[in-house]
Structures are given as structure tokens and as C-alpha cells.
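The values are calculated or read from the model by the stated rules, or taken from the named source; none is laboratory data. The shown structure was predicted, so the numbers you read here are calculated from the model rather than taken from an experiment. To get the accessible areas, we keep the full protein, side chains included, count just its heavy atoms, and leave off ligands, DNA and RNA. Shrake-Rupley method; radii C 1.70, N 1.55, O 1.52, S 1.80 Å.
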Amino acid sequence: MQDYQNGTQCLHAGYVPENGEPRNIPIVQSTTFRYATSEAMGALFDLEAAGYFYTRLQNPTSDRVAAKICALEGGTAAMLTSSGQAANFFAIFNICSAGDHVVASATIYGGTFNLFSVTMKRMGIEFTFVDPNCSEEELNAAFRPNTKAVFGETIANPALIVLDLEKFAKAAHSHGVPLIVDNTFATPIGCKPFEWGADIVTHSTTKYMDGHANCVGGAIVDSGNFDWTKYPDKYPGLCTPDESYHGVTYTERFGLGGAFITKATVQLMRDFGATPAPMSSYLLNVGLETLHLRMPQHCANALTVAKYLKNHPKIAWVNCPSLEGDKYYELAQKYMPNGTCGVVTFGVQGGRKAAETFMAGLKLASIATHVADAKTCVLHPASSTHRQMSDAELMAAGVSPDLIRLSVGIEDVKDILADLEQALEQV
Ligand code: PLP
């Protein structure tokens, strides 16, 4: 399936029905699976045979959708999780334990920042947050002997900073650690981070992949490129026997292509249970079937909106990496030449008060704690998703207090512009 183009993969990858089988991915709404003998089930528990035994670990519906995302990203193995938060947590925790350290871009989604800087810190994992625009020397200086991974977002939410993937991959690899990239905003339609050196990709599928605000979900994809076995002391969880799983050594049994996802499934999913419902995976797949059509429309509408805002006298500033003159235009052209995403950020002249008046005046765009779905929505991150951050952390994350995040949908762009115009008239 990897030879097909994006559009064909969106529709067909992950599930090819046999003669007489359902045309759509079947919803296997069952917690358990029947076996004729204890030996047959024992072989599954020992990871000697492939198959399903309990949906907390794996479910056929979710696996087929994961396989589709895997094909789109060009990976070797993938898994779905119940949220993007769970995906990022698993991606890091799969290779880090208490006493370890991670280098992360400072301009990441507020929820991920909190997960790393508060909750995972309580688990004993330390994060150093770096300015994504830092020099190679500054980036290299953030590494410690106990650094186990580097993390960033392809397009940061909501700062819209494009990560210099090659710079981050080079630094990660020169220190013998993988680069983990959250590719939620770009989606594999816009950017395939593995082609630029990333090793693991994560997603909040809640966003464009689902695309219709139906289900919260996440995904982790492995490129299979990072050679854990070169650093067995650094990654003992992957390179030495797992006593909690019958002594299996993941890299030996599943190779570089399968070790990371198998470990995350049988260990982390087993213990944390952040598994998606089969129905949610089914709905995610319905969204994925049109991802290749929706993304270009999101990008085109967002660029039209950005150009309109840029020329509006009541707008103080606009960020849209696809807009010529944007600070990240060159990086966006390099990594996402066909378009970035549908999100645009801007400030209204008059600061926070003017922003509130503007947002209250919108009729078509809803104020919603959401981003990246088919319908246009708007948010003031400093008072919502990022409200746990101090002013200094907000600035480091690229979120100024007046920043409005407009998630441009796929409505007719004339109607989106008319809505913005009438709301700006009220300011
Ligand atoms: N990563 C990014 C880039 C996000 O924007 C979000 C949520 O907005 C998440 C991760 C967390 O995903 P979820 O809300 O599905 O847990």
C-alpha cells in the first residue's frame, strides 16, 4: 500500500477486504476474543502468535486504522491511543524512566508542555525546553549524558512556528537519541517528518485526521529507522529482556521496525489502558478517507484569510507560515511546499479587550476549545488552553497575550471573510 499516493492511501490503506467481507472497516465492538484451547491463547500472551485477546491492548478496528496512518506517514508500525495526550506520553515514556532527560522545543501545545513540565517531571523525567530558532550550538548544549529523546511539533500549536526538522534530527542523532515529532497540524498530507530525519511521529487525531470534531484520539508511528541496539545501555527497555512480559527482548523478537510499537502496546497500553473505543477508531477512519481533500482546502482558505487580515487596518499582526513574508515562510516552503495547515493567528489593534469584542461579534465562526476541524472556530489561548502558563512561559511558547487563534474551516471562504469583516466592524 506504500506505493500508492496519499489520496489512495487515505481511502484504502490498512484494510483490504477479502471476498465477501465488509467494504468498510468493520467495527469489532468486543472486549474479548474466543479461543479453542488455552495453548492457543498462551501463544498470544507469549507474543509467539499474532492475534487479539483483549481490546485494552489491541483491537482489529483500531489496528486497521493505525495501519492506514502508518502507511500515510511511511512508517513500519503504528498504534492508536485514546487521545493525543496519551500518544505523546507513551512516545516519551516508552523510552524514558525516572532519572532520564528530554530536550523539547519550547513552542509546543500547552497541554503537552504541562504534561512534560509538571506531570512527567513528577515521574522523575526532566525536560529542557529550547527555543526552536536556537543555533545548532545552543541546541547541542541542551543535551546531557542522560538525554533519551528530542521532541518538537512540525507546526507549533498555536505559535505556528515551523520546526527545522533537519536541524533537530541532526542534533538528536549526533547525541544518539531519536527525534519525536508531533505532526498533528501538518498531517502527513502536508509533511512526512520521516523524510526529514524524524524517528517517531505522534498525532492528536482529534484534529484534522478526524476532521469533524467527532472523537478524541491519538496515534504513534515508528519509522523503524532508529537503531536502539547501538545504545543498549540507554534503551534497556527495548534491548534487554522484559521480565514483565515473559522475558521478551523487543528488538530481538520484533526487529527495529516493530520493537517500539510492540513494547508500547504490550507494556504501556496493558498498564495504562489509554485505548480508543472501536467506534471511535471507525469514525476516525471516516475522517481519514477525505483528509487529502480537506487539507488543501483548509490551507487555501487560511491563506486567503491571512492575506485579508494582513491588509486590514484593525489587525496588528498576522502569522501564517504559508504567507509570503511570514517569519517561517522559508521553512514552510522547504518542509510543506503544498501548504501548512488551516490555522492562522493574529492580534487585533487594541489588545485583549478588542480581541474579546471581535470574538463576541463572530457569527459563523464558533468560539471553541478546539482547532483543526471542518468548521471555522476561534480561541484566545492565553485565557483558555494556555492559561496554566506564566507570562514568561507564554512568551517562550510564542503565545502573546493578545493572540487569537483562528482555525479556518472548509466553508466557502467568501462567507468566512464576510464574518470576519462584520466582526471587525464592531471593534
Ligand atoms: N498535540 C497537539 C499539537 C495538539 O494541538 C493537541 C491538542 O490540541 C494535542 C497534542 C493533545 O491532543 P488531544 O487533545 O487529542 O489529547
Spelling it out for Asp182: with amide H atoms placed in the peptide plane at 1.01 Å from N, the residues 5 or more places away or on another chain with amide H under 5 Å from its amide H are Gly152, Glu153, Thr154, Thr202
Of all accessible heavy-atom area on the range 300-427, the percent that carbon and sulfur account for (1.4 Å): 53 percent
Could you go through the range 174-188 in sequence order and give the Karplus-derived ³J(HN,Hα) for each residue, using 6.51 cos²θ - 1.76 cosθ + 1.60 with θ = phi - 60°, rounded to whole Hz, and x for Gly and Pro? 5, 9, x, 9, x, 9, 9, 10, 7, 9, 4, 6, 6, 6, x
Average Cα contact separation per residue, the range 252-389, under 8 Å, 6 or more apart, as relative contact order %: 15 percent
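Given the -39500 (n - 2.57) contribution per DSSP H run of 4+ residues, what per-residue ellipticity at 222 nm results for the chain, rounded to the nearest 500 deg cm²/dmol?
-10000 deg cm²/dmol, from helical runs alone.
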Antiparallel DSSP beta bridges within the chain, percent to nearest 5: 55 percent
Using a 1.4 Å probe over the heavy atoms of the protein chains, calculate the carbon and sulfur portion of the accessible area of the range 1-46 as a whole percent. 50 percent
Under the classification rounded if a/c is under 1.5, otherwise prolate if a/b is larger than b/c and oblate if not, where does the range 315-365 fall, given a ≥ b ≥ c as square roots of the Cα gyration tensor eigenvalues? oblate
For each pair in Lys314/Lys414; Lys207/Lys363; Lys68/Lys363, compute the distance between the two Cα atoms and list the pairs where it is over 26 Å. Lys68/Lys363
Which lysines, on any chain, are close to Lys327 with Cα under 20 Å apart, when same-chain ones fewer than 8 places away are left out? Lys167, Lys307, Lys310
Taking Cα atoms, how many degrees apart are the long axis of helix 84-93 and the longest axis of the chain, rounded to 10 and kept between 0 and 90? 50 degrees
Would you please give the residues with an amide H less than 5 Å from that of Ile315, counting only those at least 5 places away or on a separate chain, with H modeled from the backbone geometry? Gln349
Taking every pair of alpha-carbon atoms in the chain, what share in percent sits in each 20 Å bin, from 0 to the bin with the longest distance? 27, 56, 16, 1
Where does helix 278-288 land angle-wise versus the long Cα axis of the chain, in degrees 0 to 90, nearest 10? 50 degrees
Computed ³J(HN,Hα) along the range 134-141: with the Karplus parameters 6.51/-1.76/1.60, θ = phi - 60°, integer Hz and x for glycine or proline, the list is 5, 6, 4, 5, 4, 5, 4, 5
Checked the range 355-427 against the a/c 1.5 cut and the a/b vs b/c comparison, axes a ≥ b ≥ c from its Cα gyration tensor; verdict prolate
Return one whole number: the accessible area per residue of the range 1-137 in Å², for a 1.4 Å probe. 47 Å²
The chain, relative contact order in percent, only Cα pairs under 8 angstrom and at least six apart counted: 17 percent
Built amide H within the under 5 Å cut-off of Phe346, gap 5+: Asn319, Ile404, Leu406
Per-residue HN-Hα couplings for the range 156-167, Karplus 6.51 cos²θ - 1.76 cosθ + 1.60 at θ = phi - 60°, whole Hz, x for Gly and Pro? 6, 9, x, 5, 6, 8, 8, 6, 7, 4, 5, 5
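What is the range 149-269's relative contact order, in percent, from Cα pairs under 8 angstrom and six or more apart in sequence?
Working: 200 pairs, mean separation 19.8, N = 121.
Worked out over the range 149-269, it gives 16 percent.
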Angle between the Cα long axis of helix 413-425 and the longest principal axis of the chain, 0 to 90 degrees, nearest 10? 50 degrees
For the range 276-427, what is the accessible area per residue in Å² when the probe is 1.4 Å? 42 Å²
Checking the table Lys192/Lys375; Lys170/Lys334; Lys230/Lys263 against a 20 Å threshold on Cα-Cα, which pairs fail? Lys192/Lys375
